[in-house]
C-alpha cells in the first residue's frame with residue numbers, strides 16, 4: 001500500500017517494470033521519456049562504484065540504475081525543487097534511501113557541491129535544444145528540461161569532467177544534430193568518447209538520439225556500436241527495446 005501523503009495534487013504513480021519500482025510524476029509538468037530509459041540501459045555502473053546523475057528531474061535515472069546495476073550509491077542533482085521533491089518521494093516510495101540520494105542544486109556548481117574527482121560514473125539526459133532551436137515551452141519545468149535555459153551542454157560536460165575520478169565514465173543521451181559540438185566539447189574537457197550508439201525510430205529512418213560513453217583521460221579511439229531500432233512497426237517495439245524496459 002502507498003502512503004497517500006506521498007502524492008500532491010495532479011501527481012500520479014507510474015510502474016517502472018523493474019524490481020517492482022514505481023515513480024511519482026506530474027503529467028502537467030514533465031514526465032520522463034524513452035531517452036532516460038535508454039540511457040539507463042546504456043550506462044554501466046560496477047560494484048562499489050558511485051554514480052551522479054546531472055539534472056535528474058524526477059529521479060528516473062538513479063532509480064533505474066539502482067535496479068539494473070550493482071553500483072554502490074546513486075546521487076541525483078536537480079535544480080527545480082518541485083522535481084527534486086518528487087524524486088525524493090519516489091526514493092521513499094521504493095525504500096531506496098540507503099542507496100539513492102537526491103540533492104537540490106545547480107549543475108553549473110556540481111563540482112563545488114560534491115568536490116572534484118568524487119564519482120566513478122556520471123550520467124546526464126540534458127536539455128537538447130539551445131535557445132536558438134525552436135519555440136521554448138511556455139511552461140517553465142518543461143522549458144528547463146528541453147531547452148538550455150539554466151545550463152548549456154558545456155556546463156554539463158565541464159562539471160561531469162570535474163566530478164569524475166581519473167578514468168571515470170560519463171554517459172549521455174543527446175540529439176545527433178549536435179554530435180560535432182558534443183565530441184568537441186568532451187575532448188576539450190579531457191573526456192574521450194569511447195562508445196557511441198545511434199537510436200533510430202524505425203530501421204529506415206534517420207537517428208533521432210545518440211548515446212555516448214566517454215572516459216576521463218583516455219586515449220582517442222571510439223567504437224560505434226550497432227544502431228538501436230525502437231519500433232519494428234507502428235506502436236510495436238523491437239525486442240531490444242522491450243528488454244531495456246524490462247517488459
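Just so it is clear, none of the values below were taken in a lab; they were calculated from the coordinates. Quick caveat, the model's predicted, so the values are computed rather than measured. So basically every Cβ, Gly included, is an ideal-geometry build from the backbone, and we count neighbours across all protein chains shown.
Determine the gain in length on full extension of the stretch residue 6-residue 154; use 0.36 nm per residue of separation and subtract their C-alpha separation, reporting nm with one decimal.
That pair, residue 6 and residue 154, stretches by 49.7 nm at full extension.
Please compute the modelled spin-label separation between residue 205 and residue 233, points set 7 Å along Cα→Cβ, answer in nm with one decimal.
Placing both labels 7 Å along Cα→Cβ, they lie 1.6 nm apart.
When all C-alpha to C-alpha distances in the range 143-234 are sorted into bins of 5 Å, what percent of pairs does each bin hold, rounded to whole numbers?
Bins of 5 Å from zero give 3, 14, 22, 22, 17, 12, 7, 3, 1 percent of pairs.
How much length, in nm to one decimal, is gained on full extension between residue 46 and residue 165, taken as 0.36 nm per residue of separation minus their Cα-Cα distance?
Stretched fully, the residue 46-residue 165 segment lengthens by 41.4 nm.
Going 7 Å from the Cα of residue 13 toward and past its Cβ, which residues in the range 65-104 have a backbone nitrogen under 14 Å from where you end up?
Hits in the range 65-104 for residue 13 at 14 Å: 89-96.
Along the Cα→Cβ direction, 7 angstrom out, place labels at residue 240 and residue 221. What is the inter-label distance in nm?
For the pair residue 240/residue 221, the computed spacing is 2.3 nm.
Return the equivalent ellipsoid semi-axes of the chain as a descending list in whole Å, where each equals the square root of 5 times an eigenvalue of the C-alpha gyration tensor. It would help to have the intermediate numbers written out before the result.
Numbers: eigenvalues 126, 96, 72 Å².
In descending order, the three semi-axes are 25, 22, 19 Å.
Rounded, prolate or oblate: which fits the range 3-43, taking a ≥ b ≥ c as square roots of the Cα gyration tensor eigenvalues, rounded meaning a/c under 1.5, else prolate when a/b beats b/c?
Oblate shape, in that a/c is at least 1.5 and b/c is the bigger or equal ratio.
Let me know the whole percent of all Cα-Cα pairs from the range 9-87 that are separated by more than 19 Å.
Tail of P(r) above 19 Å: 33 percent of Cα pairs.
With r as the distance between the Cβ atoms of residue 95 and residue 72 and R0 = 22 Å, compute the FRET efficiency 1/(1 + (r/R0)^6) and round to 0.05.
Rounded to the nearest 0.05, the efficiency is 0.85.
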